[in-house]
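Colleague: The structure under discussion is supplied below as structure tokens; questions concerning it will follow.
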Amino acid sequence: MNEWIILTKHYEVGLVVLSVLVAIIGSYGSLELNRRLAKATSLKKRALFLSSLTMGLSIWGMHFVGMGAFALPVTVRYDWILMFLSVIPAILAAFIAFYLLYSSAITRNKVILAGSLMGVGIAMMHYLGMMAMDFGGAIRYETGLFALSILIAITVAYVALLLLHRLRHVDKKRILIPIAIVMGFAISSMHYVGMLGTSFCIPIDQAGRIGDGPITSNILNDVAIPVFLILILIAGLYIHLERRALQMMAYTDHLTGLHNRRWLDHHMIKVDAHYGKSKDEMAMAILDLDGYKWVNDTFGFDKGDAVIREFADRMRASLSEDEACIRYNGTQFFLIKKVPTDALLRTFEQILEDIRQPIHLDDQPIHLTATMGVILPDMGETLEMRIGQMESALRVGKNEGRDRFIVYDDSLHSDKREQLIVGSLRRAMTDFKEFALVYQPKIALATGKVDQAEVLIRWNHPKFGFISPAEFIPLAEKYSLIHRLTEWVLKETVAQMEIWKKEDYFIRQVSVNLSAMHFRSESHNMMIKEIVHHSLKNGSELQLQLEITETSVMENLDRAMTMLGELKQLSLTIALDDFGTGLSSLTHLKHLPIDILKIDKSFIDEVPHDERGTAITEMIIQLAKSLGIEVVAEGVETLEQHLFLKRLGCDYGQGYYYSRPMHVKDLNQQAIEETVLNVG
């Protein structure tokens, strides 16, 4: 049997210290990456991989830097295949350990298992690395120190991971420094305790190979420097990917995956620069889903979110190159479209048509509409200025009935226009010559006869032309001009009704809209009383109907009840307009002194094809019948709607299917009644 010579081990202190620092720095990097796992969502897999890779390479790098500090008095070579394979256990153990910590609910047993795996991985890496050494002799291990090295690795890894888990939500990164130091010393102590229990022996017959001093191996240049370069590369890659990932998270709406408002704020200059360079024409729009609240109220917020996601996917699919859709705010979306001016109307009409296509939720079709404020942006304007313009156009679209787009016109939609309109309104109300009244007939569905109409006001401005009531009525309310305007409408209507009564005209009853402002002061009833009493003195008992809105009544129910009672004493008929869109409750409805319910156009638009709109319309008609109240359906535009409402027993229909609002001279009883004569 050969006798063996135990070789003397030598260490270079500077490189020993460097190996410990490598272990500490590598541990810190992997722990910082792993800390993000506690907060990560879509980035969790990448953070898990990078943290495991960094930890494995730092263990590997520390080992071979430590081996670079180690020397024997004989030449040492390394098996490069084993050297590079030895990194696999460390990476794999780190991956499993970190995965166990963050994949599900944490327990003490999980931390023990994770720490054990980490410690075993460190030990396997070390002893596989030792096997890569070739010095022409044998390696012997002292059992006690061998076991101690593995126990040290497991224990310290357990403590470090436990601290990491408990401090995972601490935002201050410096808290990781002591943990990294513990882990770095754990890796290092395992290595050097293991080396302490290792004997390097050569046969006595090879004693001539032993030099006078330590022979430095080439491992440091061949391995340590490449390891450092690899770590630097990984760190640089991580920093780059992390920055990009954080930007994506910061600029992405988590529900829809679309860009968010922050993206818009930071990228508008780039968008302008791109379109300016490409010479393409750009349009922008704020899109607001109409009346979306009912989706959440009916189906719940989770289902409502599902509809928003489906809508966002639909909008994303409609985008072409260099276009964008941003989730601007709740149910509002910001569109950037590459649109030639001559294709503007066609493009946004198509967007509205796409939105009208049903979204299926639990096999039930959900019909959405949207209103858009559109601009052709001036590159010299700020984003805030553009948003203000789009919001102004959007408000006009909402006031005009929704389900449409309005292209911003500074002369029509700016605040300057508001002041011009208000000033013109005050001037026009001195003699009211710019105003006119039109009448929209109501058809008795059972007989097909016309005997009622709703009076509507029109304003023909000498400069701006026709100004929509949807624009000037809110301004009249805002600037306290509505009371005088209502007084003029009532006086003109009563005068016309007196003429019709003398002529035995076919229209017997006329309805006049009362503003929501009317019920804010009990004195406002005095104006109506004076007009009615004046008419009675002239010997006329008029069938005058007053239309009120749900919201105006519910704003101050007690006052409204008192004022409505006073109006009923004047033998006036009261109609509740836009029923179904306000905040009234059925409990209050049976106590209100009303004679007529008017079903809002938004419900009639959906019948008879939409189950929800149809069910609501049928319910309102049945409810009114049970309370002895007449029902008028607004916004009837098709034969199908007419037949459906007639079948349900609705009393009156009003809408463009029968007649548009007309001046007195244009009203034609025969022409109106013929629209329903042949269809029953």
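Colleague: Please go through segment 379-394 and give me each residue that is of a type outside the set (Gly, Ala, Ser), at pLDDT 85 or above and in contact with a helix residue (DSSP H, G or I) (Cβ under 8 Å, 6 or more places away or on another chain), ordered by number.
Modeller: Within segment 379-394, 389 is the sole residue that qualifies.
Colleague: Would you mind finding the one in 61, 119, 68 that is under 30 Å from residue 9 (Cα atoms), of a type in the set (Gly, Ala, Ser) and modelled with pLDDT of 80 or more? Walk me through how you get there before you give the answer.
Modeller: Working: 61 fails: modelled with pLDDT of 80 or more; 68 fails: modelled with pLDDT of 80 or more.
When all the criteria are applied, what remains is 119.
Colleague: Just wondering, is there one or more residues in segment 312-334 that are assigned to a loop (DSSP other than H, G, I, E, B), without any contact (Cβ under 8 Å) to a residue 12 or more places away in the chain and aliphatic (A, V, I, L, M)?
Modeller: yes
Colleague: Give just the number: which of (1) part of a helix (DSSP H, G or I); (2) more than 21 Å from residue 253 (Cβ to Cβ); (3) at pLDDT 85 or above does residue 297 not satisfy?
Modeller: Every condition holds for residue 297 apart from (3).
Colleague: Would you call residue 432 touching a Phe, Trp or Tyr at 6+ places or on another chain (Cβ under 6 Å), surrounded by fewer than 18 Cβ atoms within 10 Å (Cβ to Cβ) and either under 30 Å from residue 642 (Cβ atoms) or modelled with pLDDT of 90 or more (or both)?
Modeller: Judged against the criteria, residue 432 is a match.
Colleague: Does residue 146 satisfy the condition of being in the same structural domain as residue 181 (by TED's automatic domain parsing), at negative phi and either charged (D, E, K, R) or in contact with a Gly (Cβ under 7 Å, 6 or more places away or on another chain) (or both)?
Modeller: yes
Colleague: Turning to a different aspect of this structure: Can you tell me which residue in segment 335-347 is surrounded by the most Cβ atoms within 10 Å (Cβ to Cβ), limited to those that are assigned to a strand (DSSP E or B) and among the charged types (D, E, K, R)?
Modeller: Restricting to residues being assigned to a strand (DSSP E or B) and among the charged types (D, E, K, R), the top hit is 337.
Colleague: Now a separate question. With within 23 Å of residue 189 (Cβ to Cβ), of a type outside the set (Ser, Thr, Tyr) and modelled with pLDDT under 75 as the only criterion, which of 50, 15, 21, 31 stands out?
Modeller: Step by step, each of 50, 15, 21, 31 is checked, and only 31 is within 23 Å of residue 189 (Cβ to Cβ), of a type outside the set (Ser, Thr, Tyr) and modelled with pLDDT under 75.
Colleague: If you don't mind, another one. Within segment 363-383, is there a residue that is surrounded by fewer than 20 Cβ atoms within 10 Å (Cβ to Cβ), within 19 Å of the chain's Cα centre (by Cα) and of a type in the set (Asp, Glu)?
Modeller: Scanning segment 363-383, I find no residue that is surrounded by fewer than 20 Cβ atoms within 10 Å (Cβ to Cβ), within 19 Å of the chain's Cα centre (by Cα) and of a type in the set (Asp, Glu), so the answer is no.
Colleague: A further question on this structure: Considering each residue of segment 663-677, count those that are closer than 21 Å to residue 494 by Cβ and buried (at least 16 other Cβ atoms within 10 Å of the Cβ), and give that number.
Modeller: Number of matching residues: 1.
Colleague: Restricting attention to segment 535-551, report how many residues are closer than 18 Å to residue 632 by Cβ and assigned to a helix (DSSP H, G or I).
Modeller: 1
Colleague: What residue, among those in segment 541-551 that are under 22 Å from residue 497 (Cα atoms) and surrounded by 15 or more Cβ atoms within 10 Å (Cβ to Cβ), is nearest to the chain's Cα centre (by Cα)? Please lay out each step first, then the result.
Modeller: Taking segment 541-551 first, the residues under 22 Å from residue 497 (Cα atoms) are 541-548.
Still in the list and also surrounded by 15 or more Cβ atoms within 10 Å (Cβ to Cβ): 542-548.
Numbers: 542: 54, 543: 51, 544: 48, 545: 45, 546: 42, 547: 38, 548: 36 Å.
Checking each candidate, the answer is 548.
Colleague: Another one. Kindly indicate whether residue 401 is surrounded by 13 or more Cβ atoms within 10 Å (Cβ to Cβ), touching a helix residue (DSSP H, G or I) at 6+ places or on another chain (Cβ under 8 Å) and at pLDDT 90 or above.
Modeller: no
Colleague: Are any of the residues in segment 413-426 polar (S, T, N, Q), within 44 Å of the chain's Cα centre (by Cα) and surrounded by 14 or more Cβ atoms within 10 Å (Cβ to Cβ)? Before you say what the answer is, go through the steps one by one.
Modeller: Narrowing segment 413-426 to residues polar (S, T, N, Q): 414, 419, 424.
Checking the rest, the ones that are also within 44 Å of the chain's Cα centre (by Cα) come to 414, 419, 424.
Subset that is surrounded by 14 or more Cβ atoms within 10 Å (Cβ to Cβ): 414, 424.
Yes, the conditions are met somewhere in segment 413-426.
Colleague: Restricting attention to segment 505-534, which residues are of a type in the set (S, T, N, Q) and not in a loop (DSSP other than H, G, I, E, B)?
Modeller: 509, 511, 513, 525
Colleague: Do you know which residues across segment 443-466 are surrounded by 14 or more Cβ atoms within 10 Å (Cβ to Cβ) and hydrophobic (A, V, I, L, M, F, W, C)?
Modeller: Across segment 443-466, the qualifying residues are 443, 444, 445, 450, 453, 455, 456, 457, 459, 464.
Colleague: Filter segment 634-680 down to the residues that are small (Gly, Ala, Ser), farther than 18 Å from residue 620 by Cβ, in a loop (DSSP other than H, G, I, E, B) and out of contact with any helix residue (DSSP H, G or I) (no Cβ under 6 Å at 6 or more places or on another chain) and list them by number.
Modeller: 680
Colleague: So which helices (runs of 4 or more DSSP H) are wholly in segment 410-488 and hold at least 1 residues that are among the hydrophobic types (A, V, I, L, M, F, W, C) and within 19 Å of residue 510 (Cβ to Cβ)?
Modeller: 469-478
Colleague: Given (1) touching a His at 6+ places or on another chain (Cβ under 8 Å); (2) farther than 23 Å from residue 560 by Cβ, identify the lone condition not met by residue 486.
Modeller: Among (1) touching a His at 6+ places or on another chain (Cβ under 8 Å); (2) farther than 23 Å from residue 560 by Cβ, residue 486 violates only (2).
Colleague: Count, please, the residues in segment 357-390 that happen to be part of a helix (DSSP H, G or I) and either in contact with a His (Cβ under 7 Å, 6 or more places away or on another chain) or closer than 18 Å to residue 281 by Cβ (or both).
Modeller: Going through segment 357-390, the residues part of a helix (DSSP H, G or I) turn out to be 383-390.
Those still in the list that are either in contact with a His (Cβ under 7 Å, 6 or more places away or on another chain) or closer than 18 Å to residue 281 by Cβ (or both) too: 386, 389-390.
Going through segment 357-390 one residue at a time, the tally reaches 3.
Colleague: Continuing with this model, one more query. Does residue 77 meet the test of being among the charged types (D, E, K, R), modelled with pLDDT under 85 and touching a Phe, Trp or Tyr at 6+ places or on another chain (Cβ under 8 Å)?
Modeller: Numbers: among the charged types (D, E, K, R): yes; modelled with pLDDT under 85: yes; touching a Phe, Trp or Tyr at 6+ places or on another chain (Cβ under 8 Å): yes.
Yes, satisfied.
Colleague: Next question. Residue under question is residue 617, and the condition is that it be of a type outside the set (Asp, Glu), under 24 Å from residue 295 (Cα atoms) and either assigned by TED's automatic domain parsing to the domain that holds residue 510 or crowded, with 20+ Cβ neighbours inside 10 Å (or both); does it hold?
Modeller: So residue 617 passes the test.
Matching residues to (1) within 30 Å of residue 345 (Cα to Cα); (2) among the aliphatic types (A, V, I, L, M):
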site	(1), (2)
403	yes, no
412	yes, yes
439	no, no
454	no, no
464	yes, no
478	no, no
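Colleague: All but one of (1) at pLDDT below 85; (2) β-branched (Val, Ile, Thr); (3) in contact with a Leu (Cβ under 7 Å, 6 or more places away or on another chain) hold for residue 225, so report the exception by its number.
Modeller: Going through (1) at pLDDT below 85; (2) β-branched (Val, Ile, Thr); (3) in contact with a Leu (Cβ under 7 Å, 6 or more places away or on another chain) one by one, residue 225 breaks only (3).
Colleague: Here's another thing I want to ask about it. Could you tell me whether any residue of segment 477-498 is over 25 Å from residue 428 (Cα atoms) and free of Cβ contacts under 8 Å to residues at least 60 places away in the same chain? Full working, then the answer.
Modeller: Step one: list which residues in segment 477-498 are over 25 Å from residue 428 (Cα atoms), which gives 498.
If we keep only those that are free of Cβ contacts under 8 Å to residues at least 60 places away in the same chain as well, we get 498.
Yes, because at least one residue in segment 477-498 is over 25 Å from residue 428 (Cα atoms) and free of Cβ contacts under 8 Å to residues at least 60 places away in the same chain.
Yes or no, residue by residue, for (1) part of a loop (DSSP other than H, G, I, E, B); (2) modelled with pLDDT under 70; (3) under 17 Å from the mean Cα position of the chain (by Cα):
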{"site": "213", "(1), (2), (3)": "yes, no, no"}
{"site": "229", "(1), (2), (3)": "no, yes, no"}
{"site": "238", "(1), (2), (3)": "no, yes, no"}
{"site": "255", "(1), (2), (3)": "yes, no, yes"}
{"site": "265", "(1), (2), (3)": "no, no, yes"}
{"site": "280", "(1), (2), (3)": "yes, no, no"}
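Colleague: Which members of segment 383-433 meet the condition of being among the aromatic types (Phe, Trp, Tyr) and in contact with an Asp or Glu (Cβ under 9 Å, 6 or more places away or on another chain)?
Modeller: Once the filter is applied, which keeps residues that are among the aromatic types (Phe, Trp, Tyr) and in contact with an Asp or Glu (Cβ under 9 Å, 6 or more places away or on another chain), segment 383-433 yields 405, 432.
The values are calculated or read from the model by the stated rules, or taken from the named source; none is laboratory data. Computed from a predicted structure; not experimentally measured. Reconstructed Cβ throughout: ideal geometry from the backbone, glycine too, with neighbour counts over all protein chains shown.
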